[in-house]
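To keep things clear, I will list the structure first and then write my remarks on it.
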Amino acid sequence: MRLPILFLGRCPQGQLPKRKLFGAQKDLGVMSYPPFLVFFVSSQKKMRYKGIIFDLDGTLVDSEPLHMEAWLNVLSEKGLDFDEHWFEQWIGKSDRILAESVVEQHTIKAEVEELQENKRVTYHRIAAERAVLFPEVEKYLNHFKQYLKLGIATNSSKDDAAAVFSRLPLPSFVRAVVTADDVPNLKPAPDMYLLAAEKIGLEVSEGLAIEDSPAGLQAAKEAGLFTLGVTNSHPAENLKYADLVFGSTAEAMEWVTKRSV
């Protein structure tokens, strides 16, 4: 049963306000109400969650700029000059999809596999030298691992993830890491999240996903997890599959501390 949460707020003459409930913009419509304090109800239940599955790039690790740098360098060598705004559309998507699109849409003397390999080598070098966690992530992971089932589900390849893990000790906090090499269908398909939940022994109805990309949030939502979106890489309006939206990974993790066993 879903329990109500009561909100108390001041309503202008003639309409109920738009209210951002737990980060999701809700248009409550226009109704005739006098300008006194108005109560309205959200059906958000204060659920106690038993596990979290995290995205990796752009959620735990501030690595999207590193992926961008690697791709822009590789494509520049092929005569294609793109910028960070062009790259934004590829955040959360696999390298293969990006490479296939570039080869299909541009005159370029390169095969998809060649572009992927060049990017892989460039990214591994950069990540091993400069990958960093987002602020406060390690503190919360240390706390969560004591009582929650934790996992990682990433569209990155196993080798890409390993390059990050060579610098950052993320595997020590989680029970399983699922990469692009482990499933037939990548995000936005739910396969990765379903496998991660299975590996860490988590019922999806009792689990959370924390994600920074639309594709990742769609995957987690279709898998049956409660989804927390973070605006590390995309604005809130693009995270339509998020149940709640937060300004940072640390803010999302702080919310979890109050709603987990």
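Read-outs throughout are calculated quantities, based only on the coordinates presented, and are distinct from any laboratory measurement. None of the values given here were measured: they were computed from a predicted structure. Neighbour counts run over all protein chains shown; Cβ positions are idealised from the backbone, glycine included.
Going from the fewest other Cβ atoms within 10 Å to the most, the residues Val204, Val164 appear in the order Val204, Val164. Ellipsoid semi-axes for region 120-261, based on the Cα gyration tensor and the rule √(5λ), read 21, 18, 17 Å when sorted largest first. Size estimate for region 64-130 follows the Kirkwood approach: the inverse of mean 1/r over distinct Cα pairs works out to 11.9 Å. For region 96-148, the set of trypsin sites (Lys or Arg not before Pro) satisfying both a DSSP loop assignment and a count of at most 10 other C-beta atoms within 10 Å is given as Lys109. The loop-placed GluC sites (Glu not before Pro) in region 189-237, going by DSSP, that have at most 13 neighbouring Cβ atoms within 10 Å of their Cβ come out as Glu203.
With θ taken as phi - 60° and the Karplus curve 6.51 cos²θ - 1.76 cosθ + 1.60 applied, the whole-hertz 3J(HN,Hα) list for region 114-121 is 5, 4, 4, 5, 5, 5, 4, 5 Hz, x standing for glycine and proline. The magnitude of the dipole of region 174-229, with charges of +1 and -1 set on the Cβ of Lys/Arg and Asp/Glu and taken from the Cα centre, is near 60 debye.
Once a ≥ b ≥ c are taken as the square roots of the eigenvalues of the Cα gyration tensor of region 60-201, is the result rounded (a/c under 1.5), prolate (a/b larger than b/c) or oblate (a/b not larger than b/c)? Judged from the Cα gyration tensor, region 60-201 comes out prolate (a/c at least 1.5, a/b above b/c).
Each semi-axis of the equivalent ellipsoid for region 142-194 is √(5λ) with λ an eigenvalue of the Cα gyration tensor; in descending order they amount to 20, 15, 6 Å.
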